[in-house]
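Before any comments, here is the structure.
Every read-out reported here was derived from the displayed coordinates using simple, explicitly stated rules and does not represent laboratory data. All values reported here derive from a predicted model rather than from experimental measurement. Methodologically, a virtual Cβ is constructed for each residue, glycine included, from the backbone with ideal geometry; neighbour enumeration extends over all protein chains shown.
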Amino acid sequence: MTVTPELLTVPQVMARLQLSRTAVYDLIRTRQLASLTLGRARRIPAHALDHLIHTRLEQEAS
């Protein structure tokens with residue numbers, strides 16, 4: 001059985017990170033946050049958001 005990854009919208013990521021739209025798109029543009037485009041819609045896999053958070057926590061700890 002295949003598990004479909006959860007895809008988040010930019011507003012959902014904005015709410016979870018409490019960041020502006022510009023800040024989220026900057027993370028995407030600089031490839032710190034992976035995303036994909038489906039038609040005209042930008043989606044962020046939930047695991048990519050988790051990866052960003054864990055990476056930033058590790059950087060802060062060192």
| Would a scan of segment 13-20 turn up a residue that is among the small types (Gly, Ala, Ser) and part of a loop (DSSP other than H, G, I, E, B)? | yes
| Is there a residue being buried (at least 16 other Cβ atoms within 10 Å of the Cβ), free of Cβ contacts under 8 Å to residues at least 60 places away in the same chain and not in a loop (DSSP other than H, G, I, E, B) anywhere in segment 26-37? | yes
| query | Among the numbered criteria (1) touching a residue at least 40 places away in the same chain (Cβ under 8 Å); (2) in contact with a helix residue (DSSP H, G or I) (Cβ under 7 Å, 6 or more places away or on another chain); (3) hydrophobic (A, V, I, L, M, F, W, C), which single criterion is violated by VAL10? | reply | (1)
